[in-house]
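Student: I'd like to ask you about the structure that follows.
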Amino acid sequence: VKWFILGLSFGLLILSTSKTSLFVFVILLALLPLYKSLQWHFNIRVFMYCLSIFAVIVTVTWVLGNPKFIFNAMGRDPTLTGRTDLWETVINMIRKRPFLGYGYNAVWVDEVSAYVSQLLGWERIVHAHNGFLDICLELGLLGLIVFTAGFFQAVRNAIKMIFLTNSMEALWPLVYLTFLLIYNLAESSLIQHNRLTWVLYVSVILSLYSSINKNTMLDSHYKDA
């Protein structure tokens with residue numbers, strides 16, 4: 001049943017024709033062995049880290065040397081379907097109100113969306129196609145700092161959870177946090193209302209906090225006993 005659902009999900013991913021989602025899927029699939037190695041012996045972990053660093057260096061070197069091939073294979077142009085032009089415009093908007101931003105849900109209203117759309121020649125723009133730029137737009141650099149602090153604390157707890165629990169399920173929080181980070185480099189799903197991605201993010205943070213506290217209390221109980 002698990003393999004059937006995985007195959008069905010992958011089929012839906014291909015049919016969606018979303019290059020961003022496919023790219024994120026491949027990255028997460030490649031990272032799974034590395035995350036799983038956190039539960040292995042120290043010497044094996046060191047080997048996996050060295051192998052991963054080598055693979056990253058080779059991949060980055062090859063990508064930088066063949067950018068046209070990569071874009072052609074993905075069916076995209078160097079502007080990432082106009083995203084780089086949009087990001088330049090958004091960064092200029094951030095510079096006008098860098099610290100506190102324009103207010104939550106106060107940016108992509110009709111007037112601003114129409115202005116940016118007209119400026120770039122797009123039909124309609126509803127977000128910056130980058131979750132972190134959207135945070136800066138709405139909540140400023142202060143909001144981005146608060147989010148980043150909470151995110152890295154969640155990553156720290158997720159790694160600690162992998163060390164504490166020797167199961168595949170323990171990888172889920174770190175995998176999801178990685179997905180959230182990579183996905184929001186080209187799309188925007190952070191701090192948006194009625195978005196499942198944000199609900200899952202909050203759920204991951206709370207479940208990690210609860211699980212780690214429970215394990216800490218159990219360890220203290222065994223030590224006392």
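Student: Are there chymotrypsin sites (Phe, Trp or Tyr not before Pro) in the range 83-176 that DSSP puts in a loop and that have at most 14 other Cβ atoms within 10 Å, and which ones? Let's see the in-between values first.
Tutor: On the way: sites: 87, 99, 102, 104, 108, 115, 122, 132, 147, 151, 152, 163, 176; in loops: 99, 102, 104, 108, 122.
Taking the range 83-176 and a limit of 14 other Cβ atoms within 10 Å, the loop chymotrypsin sites (Phe, Trp or Tyr not before Pro) found are 99, 104, 122.
Student: Sort the range 1-47 into rounded, prolate or oblate with this rule: let a ≥ b ≥ c be the square roots of the eigenvalues of the Cα gyration tensor; rounded if a/c is under 1.5, and if a/c is not under 1.5, prolate when a/b is larger than b/c, oblate otherwise.
Tutor: On the way: a/c = 6.17, a/b = 2.05, b/c = 3.01.
Because a/c hits 1.5 or more and a/b fails to exceed b/c, the range 1-47 counts as oblate.
Student: HN-Hα J couplings of the range 141-153 from phi, Karplus 6.51/-1.76/1.60, θ = phi - 60°, integer Hz, Gly and Pro as x?
Tutor: For the range 141-153, the Karplus-derived couplings read 5, 4, x, 5, 5, 4, 5, 4, 4, x, 5, 5, 5 Hz, x marking Gly and Pro.
Student: Further question on the same structure: Can you pull the accessible area of residue 36 for me, 1.4 Å probe, Å² to the nearest 10?
Tutor: 40
Student: Here's another thing I want to ask about it. Could you give the semi-axes, largest first, of the ellipsoid that matches the range 113-225, computed as the square roots of 5 times the alpha carbon gyration tensor eigenvalues and rounded to whole Å? Walk me through the intermediate numbers first.
Tutor: Numbers: eigenvalues 278, 35, 20 Å².
Over the Cα atoms of the range 113-225, the semi-axes work out to 37, 13, 10 Å.
Student: What would the Debye formula give as log10 I(q)/I(0) at q = 0.20, 0.29 Å⁻¹ for the alpha-carbon point model of the range 96-145, no solvent?
Tutor: Listed by q, the Debye log ratios stand at -0.64, -1.05.
Student: In the range 96-199, what percent of the accessible surface is made up of carbon and sulfur (1.4 Å probe, ligands and nucleic acids excluded)? Display every interim value, and only then the final one.
Tutor: Details: 3720 of 5680 Å².
Using a 1.4 Å probe with all protein chains present, the range 96-199 comes out at 65 percent carbon and sulfur.
The values are calculated or read from the model by the stated rules, or taken from the named source; none is laboratory data. Because the structure is a prediction, the values reported are computed rather than measured. So basically every Cβ, Gly included, is an ideal-geometry build from the backbone, and we count neighbours across all protein chains shown. Quick note on the areas: whole protein, heavy atoms, side chains included, nothing else; ligands and nucleic acids left out. Shrake-Rupley method; radii C 1.70, N 1.55, O 1.52, S 1.80 Å.
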